[in-house]
Every structure is written in structure tokens, then in C-alpha cells.
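Before any comments, here is the structure.
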Amino acid sequence: MIKKLIRSKPKNPVIITVPHSGNFYPDIFLNNFKKNIKIVRKMEDFESDKILDLLDKNNADIIIAKCSRAVVDLNRSRHSIDNSMFFEVVEKGFIQEQKMVDYGLGVIPKKSYNEFIFLNKLSASYANHILKNYYDPFHNILSKQINRLLNTFGICIHIDLHTMPSKALLNYKKQTDIVLGNNFGKSCSKEIFNYFKNIFISHGYSVEVNNPYAGGFITRNYGHPSLGVNTIQIEINRNLYMNEKKLTVNKKIIKIQKSFCNIFNDFHFDFKLAAQ
């Protein structure tokens, strides 16, 4: 359940992942789910993959997850399991991202906006099936392609694309369009990060850095600039492209589509210098 647009002969070291735009709900989930589907659809980065529609696919590798975030959260560690959701112990080792698990937002989510997703406990086989079929393939493909770009260019620039609810920013003095996360400087070189920050500002967007999103598991796990992998999480205010109440994309998306088209189709960053 992955849409992958992998170049046979990449001309630059850019890869873009979209882990939360999926709207596929497998039968094994629906057979255990006993609520209105609208409750969990709010968790999706609704059709955020469409932001990339105008991008020349020769200018980046793209990996898009089709399975819903409510089924499995690819931006969590595989070991962030809430054992209380299951009849048997699923994760026998150290539970990672314990705080997110406590919030009900582990790799297999327990809650959607504070509402329980499942009314009954699940079998351990459910967790194993979900992880094997929907979590592992995404991360296996991503790891493989990052290594391929590293081996080819000596560097990899990885963009992890997300969208954020406009309500998440209500306490801000002004509405923020884009939040760039680099795990507080740990996941991306300063030069590459500033390149993206400045180019979004030049396109007329208001930009925050690491506030309120510094990057999730994908950013922390893959972004290691000392090893050549530079990962940036990009959060786009949903108000820029959709009606959040009706769950529909509107005409405003054209602007952000054109911006991404211009940014990735007209790269002027010196990859060779950055790899040195």
C-alpha cells in the first residue's frame, strides 16, 4: 500500500516522503473498528500528496503511504506499542516514545482526538499483521532509497511532508503557514535547512522553526547530517489548501502546488559542496 515514484537515474539526492496522506482502511481494521469513520479520518493529512502534483517527478524520489495514519502511524517507532490494547504482550522490550503511547498515539493508535478507536482489545496477531504489511514496507523502501542516494551522491536530502490543523496554531500572534522541523538542529545541516527556510519565506510564507513541531520519528531516525542524511519535516497549515470541516481540497491548493513545483524543479543548492 505504497505509491513510489523512484527514478531509475536520479540527477540529485532528493527524496520526499508523505507518510500521513493515506485514506486506505484494511478490512482487518474495519472489522475491529466500531465507530463512525469520520472520527478517524480527521487524523489524516488529508490528500496532502496532491501538494506535489505539479512537481517534475524527475527532480525527486517520492514515497507516499496509502494506508491511513489511524491504522498505523509511520512517524512512530515500531516499538511504540501500547500493550494494554492487546490480549497478549506485543512489545516485550523497551517501549519507545512512551509519552506518545500514553496519549494514545503510538505506532498503532489507540485514540483519535481523545476518542477511543477500538471498543475491545485486539489480538497480538492484529498488531503483527499491521506492522508487517503496512509499516515495514514503507520504512524498508525509504531506508533502501536513502542508502542508494548516499552511495550515488555522498549526501541525501530528505523532505518529510506533513500538514497541520490550523487550530494547532490558534495561540500564535499570527497564523503560521509552514513549520520546519530539524530536531532542534540535529537532523539537518544548517546550510541545507536555511536554504529551505529562506526559499519558503521568499515565496511569501510565514515560517516557524521547530515550534510546535520539531520532527517525529522519521526525522529523528533518518536525519543524521554527519552521515550525509539531512532530513527536514515540513508541516503545512491545512488552511492553505483545504476545508478542514468538510474534508475537501479547495482552489487555494494551486498556490502551494506551484511553490513546491518551483522549489524542487529549480534547485540551486550545491550538493557536491554540501557533501564535502
What are the residues in the range 176-207 that are under 11 Å from Thr231 (Cβ atoms), in a loop (DSSP other than H, G, I, E, B) and either without any contact (Cβ under 8 Å) to a residue 12 or more places away in the chain or not basic (Lys, Arg) (or both), if any?
Asn182, Asn183, Ser187, Cys188, Ser189
Every residue in the range 3-18 that is among the aliphatic types (A, V, I, L, M), more than 14 Å from the chain's Cα centre (by Cα) and crowded, with 18+ Cβ neighbours inside 10 Å, please.
Val14
Which of the residues that make up the range 112-134 are free of Cβ contacts under 8 Å to residues at least 40 places away in the same chain and in contact with a Phe, Trp or Tyr (Cβ under 7 Å, 6 or more places away or on another chain)?
Lys121, Ser123, Ala124
Asn128 vs. criteria touching a Leu at 6+ places or on another chain (Cβ under 8 Å), surrounded by fewer than 18 Cβ atoms within 10 Å (Cβ to Cβ), on the phi < 0 side of the Ramachandran plot and polar (S, T, N, Q)
no
Identify all residues within the range 106-125 that are buried (at least 19 other Cβ atoms within 10 Å of the Cβ) and polar (S, T, N, Q); write none if there are none.
Ser112
For the range 149-169, pairs from a residue that is farther than 26 Å from Asn210 by Cα to a residue that is part of a helix (DSSP H, G or I) and among the basic types (Lys, Arg), with Cβ under 9 Å and 6 or more apart or across chains, are Phe153/Lys272; Gly154/Lys272
Being touching a helix residue (DSSP H, G or I) at 6+ places or on another chain (Cβ under 6 Å) and small (Gly, Ala, Ser) is the filter; apply it to the range 151-170 and report the residue that is modelled with the lowest pLDDT.
Ser166
Please go through the range 14-43 and give me each residue that is part of a loop (DSSP other than H, G, I, E, B), modelled with pLDDT of 95 or more and farther than 18 Å from Ala127 by Cβ, ordered by number.
Pro19, His20, Ser21, Gly22, Asn23
Kindly establish whether Arg76 is of a type in the set (D, E, K, R) and within 16 Å of the chain's Cα centre (by Cα).
yes
Residues being part of a helix (DSSP H, G or I) and loosely packed, with under 14 Cβ neighbours inside 10 Å: count how many of those fall in the range 226-254.
3
Keeping to the range 47-105, report how many residues are without any contact (Cβ under 8 Å) to a residue 40 or more places away in the chain and exposed (fewer than 15 other Cβ atoms within 10 Å of the Cβ).
11
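The values are calculated or read from the model by the stated rules, or taken from the named source; none is laboratory data. Predicted model only: the values in this text are computed from it and were never measured. Every residue, glycine among them, receives a Cβ derived from its backbone with ideal geometry; neighbour counts consider all protein chains shown.
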